[in-house]
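The values are calculated or read from the model by the stated rules, or taken from the named source; none is laboratory data. Quick caveat, the model's predicted, so the values are computed rather than measured. Here Cβ is always computed from backbone atoms with ideal geometry, including for glycine, and neighbour counts include all displayed protein chains.
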Amino acid sequence: MLLVSGAIACGPIATAGPGCSPVRTGLALPPELNESSGVAVSLRHPGIFWTHNNVGSVLFAVDSEGAILRRYLLDRRLRDWEDIAVSMCADGGSCLYMADLGDNYEERQTQNLPMNLLRAAEPDPSDRASGDTLQTEAFPVWLPDGERDIEAMMVLPGERIYFVTKGRNHAVTVYRYPPPLRPDTVVLEEVQRLTERARILPRQVTGGAVSPRGGVLALRTYEVLQFYLMAGDTLAVMEDGLVNLRTLQEAQGEGVGIGLDGQVVLTSEGGPAGGPGGMTFLRCDFPGL
């Protein structure tokens with residue numbers, strides 16, 4: 001276990017991060033996505049972004065304007081779907097990874113409520129003959145130290161999968177899934193703590209992402225976006241890798257995804273005021289990555 005201090009552990013700093021600048025801001029998502037909780041950039045279909053609400057079992061394909069292109073009903077019920085990722089499948093092709101690990105009241109293990117990582121082949125939204133139900137594989141997980149609310153997932157090439165707790169009542173903690181993925185219940189392994197204690201609400205972790213080639217990782221809170229590099233099994237803070245998101249005035253910033261050529265997409269829930277979900281695009285410069 002390694003304790004690393006960084007942007008997650010301190011207040012937001014007014015910096016543009018690794019050459020990051022807004023490209024599109026303030027895009028309103030349709031009413032169906034007023035709780036957009038995670039977002040991922042398609043590997044197979046340029047201009048397609050995958051997102052979902054934290055309640056329900058519907059996957060949405062949206063375009064760069066936030067318009068819904070396709071809806072897929074998952075073949076199983078999710079309780080608290082907090083993040084999504086796209087990465088290369090173990091046997092080739094691209095896969096969607098979906099984290100049903102949210103636990104606002106930190107009670108799922110006590111009440112024996114399932115916590116699952118799901119995997120599905122990435123579908124083609126333009127293929128109408130493929131049907132609107134997405135077949136998934138479930139990989140049950142358990143935590144080694146009791147209930148935690150997990151809203152961030154990062155999937156690196158080779159199905160190296162990490163989860164990061166929100167920091168609601170405990171330190172922000174990084175867990176790894178001990179490979180390979182398998183259908184029996186697996187206990188996650190703690191590898192790192194990013195803070196010494198729980199965080200106040202604006203600094204709690206709400207989403208994670210990995211660049212398509214695995215060179216850059218990101219964690220976001222309601223107010224900052226922090227980029228990392230991998231150092232063995234742990235996250236190392238990227239130099240000048242902190243982006244202040246408060247200027248975007250998101251209602252309730254939740255999701256982050258990284259695409260090719262430094263593209264970063266953010267999504268927001270409508271927030272307590274009940275407004276529309278939102279979508280924002282940044283462009284960042286990741287030299288050599």
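Within segment 46-76, the set of residues being part of a loop (DSSP other than H, G, I, E, B) and surrounded by fewer than 18 Cβ atoms within 10 Å (Cβ to Cβ) comprises PRO46, GLY47, VAL55, GLY56, ASP63, SER64, GLU65, ALA67, ASP75, ARG76. Only one of the listed residues (TYR222, TYR228) is buried (at least 23 other Cβ atoms within 10 Å of the Cβ), aromatic (Phe, Trp, Tyr) and within 25 Å of HIS52 (Cβ to Cβ). That residue is TYR228.
Can you name every residue in segment 109-138 that is surrounded by fewer than 18 Cβ atoms within 10 Å (Cβ to Cβ), of a type outside the set (D, E, K, R) and part of a loop (DSSP other than H, G, I, E, B)?
Once the filter is applied, which keeps residues that are surrounded by fewer than 18 Cβ atoms within 10 Å (Cβ to Cβ), of a type outside the set (D, E, K, R) and part of a loop (DSSP other than H, G, I, E, B), segment 109-138 yields GLN109, THR110, GLN111, ASN112, LEU113, PRO114, SER126, GLY131, GLN135.
In segment 135-158, the residues that are touching a residue at least 60 places away in the same chain (Cβ under 8 Å) and within 15 Å of ARG79 (Cβ to Cβ) reach residues that are surrounded by fewer than 16 Cβ atoms within 10 Å (Cβ to Cβ) and of a type in the set (Asp, Glu) with C-beta atoms within less than 7 angstrom, at least six apart or across chains, in these pairs: THR136/ASP75.
Apart from one condition, GLU106 fits all of (1) in a loop (DSSP other than H, G, I, E, B); (2) loosely packed, with under 14 Cβ neighbours inside 10 Å; the exception is (2). In segment 199-245, counting only strands (runs of 3 or more DSSP E) that sit wholly within it, the ones holding 1 or more residues that are more than 15 Å from the chain's Cα centre (by Cα) span 224-231, 234-244. Figure legend. Inter-residue proximity from segment 77-94: first residues part of a strand (DSSP E or B), second residues acidic (Asp, Glu) and surrounded by fewer than 24 Cβ atoms within 10 Å (Cβ to Cβ), beta-carbon distance below 8 Å, spacing 6+ or different chains. Indicated pairs: VAL86/GLU122; SER87/GLU159; SER94/GLU122. When VAL141, VAL174 are screened for being in a strand (DSSP E or B), under 18 Å from the mean Cα position of the chain (by Cα), within 23 Å of VAL237 (Cα to Cα) and at pLDDT 95 or above, only VAL174 passes.
Does LEU248 fit the bill of being closer than 20 Å to ASP83 by Cα and of a type in the set (A, V, I, L, M, F, W, C)? When the stated conditions are applied, LEU248 does not pass them.
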